[in-house]
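Below is one structure; the comments refer to it alone.
The values are calculated or read from the model by the stated rules, or taken from the named source; none is laboratory data. Just so you know, these numbers come straight off a predicted model, no measurement behind them. Cβ placement follows ideal geometry from the backbone for every residue including glycine, while neighbour counts extend to all protein chains displayed. Side chains included, ligands, DNA and RNA excluded: accessible areas come from the protein's heavy atoms. Shrake-Rupley method; radii C 1.70, N 1.55, O 1.52, S 1.80 Å.
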Amino acid sequence: MHHIDKETVAHTARLARIALSEDETEKQREHFSRLLEMVSQLHEAELPDLPPMHHPLDLLQPLRSDEARPAAGTDALMAGAPAESDGLFLVPKVIE
């Protein structure tokens, strides 16, 4: 069984900037020890036919095809502009 000592819990709490009482430190030590034991049990599982996964579900990311397309023309872009002049967007002055 894996055991975490109180000093390791206290050090981790300091790094996380968490104040723990003596009782809380002991509870966390026990909790961390149980977690390490569960992880150890997972490592012992024999799964020879299971390929490594990056996600437990078989998900596909829907992506559009990567094809070159003509860019929107200036007229189409300027149609959405609140104000324009000579093919340029007009914006409020932000620096005096």
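Numbers below:
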quantity: Between helix 6-15 and the chain: long-axis angle, C-alpha atoms, 0 to 90°, nearest 10; calculated: 20 degrees
quantity: Of the GluC sites (Glu not before Pro) in the stretch 18-57, those whose Cβ has at most 13 other Cβ within 10 Å and which sit in DSSP loop; calculated: GLU46
quantity: Reported label for calculated semi-axes √(5λ) of the Cα gyration tensor in Å given (i) 58, 30, 8; (ii) 36, 18, 9; (iii) 36, 11, 9; calculated: (i)
quantity: Per residue value of the accessible surface for the chain (all protein chains in place, 1.4 Å probe), Å²; calculated: 98 Å²
quantity: Heavy-atom accessible surface of the chain: percent carbon and sulfur, 1.4 Å; calculated: 58 percent
quantity: Interatomic Cα distance distribution for the stretch 41-96, bins of 10 angstrom, percent; calculated: 14, 20, 16, 14, 14, 12, 11, 0
quantity: Residue-by-residue Karplus 3J(HN,Hα) for the stretch 74-83, coefficients 6.51, -1.76, 1.60, Hz, glycine and proline x; calculated: 4, 4, 5, 5, 6, 4, x, 7, x, 8
quantity: Amide H partners (placed H, <5 Å) of GLU84, local residues excluded; calculated: LEU90
